[in-house]
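Engineer: One structure is given below, represented as C-alpha cells, and several questions about it will come after.
Here, each number is a calculation from the coordinates, and none is a lab measurement. Keep in mind the model is a prediction, meaning the values are calculated, not measured. Backbone-built Cβ (ideal geometry, glycine too); neighbour counts: all protein chains shown.
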Amino acid sequence: MSNELVAFYSRADENYVNGVIKSLLTGNTEVAAGMIRDLTGADLFKIEQIQPYSKNYNECIEQAQSDQKRNARPELKDYLEDIDGYDVVYLGFPNYWGTMPMAVFTFLEHYDFSGKKIMPFCTHEGSGLGSSVSDIKKLCPGAVVEEGLAIHGGSVQRAKKDIEAWI
C-alpha cells in the first residue's frame, strides 16, 4: 500500500464536452486520476454510487441537480477499509453546479481526514473549482487542503504537464 491515495468520482457515458454532448468510454476525471496514479504511484479508489445517475446526459444532470438541492448523500457501492495509512489524498471530481457531486460529500463525511493532506482536482467545462475547495475544508476541518487543480474536461488528454507541475 502506498501512503498516497487517488480517490475520484467520474462519469463516463454522455457528457458535455467542448460545447457538445459526447459519449465517453472513460470519464474525464478518471483519465486525470490515472495520470496522477502513474506520476505518483498512489493507490486508486473510484467513488461510485449504488444507484448511478442515468447514462443520458440530460437525465443525469436532472438527477444530480436534484441531489444537490436536497443536500443528499447518495450511498456508495464500496468504501475503503480505512484511510489511516494515507498521508496524501488526491481527491478528484467533475464540477457539478459549482462544487463536487454529492457522492463525494458522502465519501468525505465517512472518514476522518485529520492530519492528512488533501489535494483536490476537478474537471470542468468552464466553471473551474467553484466552491469545492472551501466545501472540502468545511467537511474535513482537521485536514490540510492544498490549492486545487482545475482541468478543462475537453483538454484532459493533454493535461499531464499541468498535473505534473501541480503535484
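Engineer: So who's got an amide H within less than 5 Å of the one on F45, skipping anything under 5 residues away but keeping other chains? H placed 1.01 Å off N, in plane.
Structural biologist: Distant-sequence amide H within range of F45: V6, A7, F8.
Engineer: Per DSSP H run of n ≥ 4, the term is -39500 (n - 2.57); total these for the chain, divide by its residue number, and report the mean residue ellipticity at 222 nm rounded to 500 deg cm²/dmol.
Structural biologist: Mean residue ellipticity, 222 nm, calculated: -9000 deg cm²/dmol.
Engineer: How big is the charge dipole of segment 8-164 about its Cα centre, in debye rounded to the nearest 20, if each Lys and Arg gets +1 on its Cβ and each Asp and Glu gets -1 on its Cβ?
Structural biologist: 400 debye
Engineer: Count the lysine pairs in the chain that are 8 or more places apart or on different chains: how many have C-alpha atoms under 18 angstrom apart?
Structural biologist: 8
Engineer: Tell me, in nm to one decimal, what length is gained between Q51 and W97 on full extension, where the rule is 0.36 nm per residue of separation less the Cα-Cα distance?
Structural biologist: Taking Q51 through W97 to full extension adds about 14.6 nm, to one decimal.
Engineer: Amide H to amide H, which residues 5 or more places from E14 or on other chains are under 5 Å from it, using H placed in the peptide plane?
Structural biologist: Those lying under 5 Å, H to H, from E14 are L24, Y57.
Engineer: Follow-up question, since we're still on this one. For A12 and K137 in the same chain, what is the full-extension length gain: residue separation times 0.36 nm, less their Cα-Cα distance, in nm?
Structural biologist: Length gained between A12 and K137: 42.2 nm.
Engineer: For an R0 of 30 angstrom, estimate the FRET efficiency from the Cβ-Cβ distance between R73 and L44 and round to the nearest 0.05.
Structural biologist: FRET efficiency, R73 to L44: 0.85.
Engineer: In percent, how large is the relative contact order of the chain, given Cα pairs closer than 8 Å and 6 or more residues apart?
Structural biologist: 24 percent
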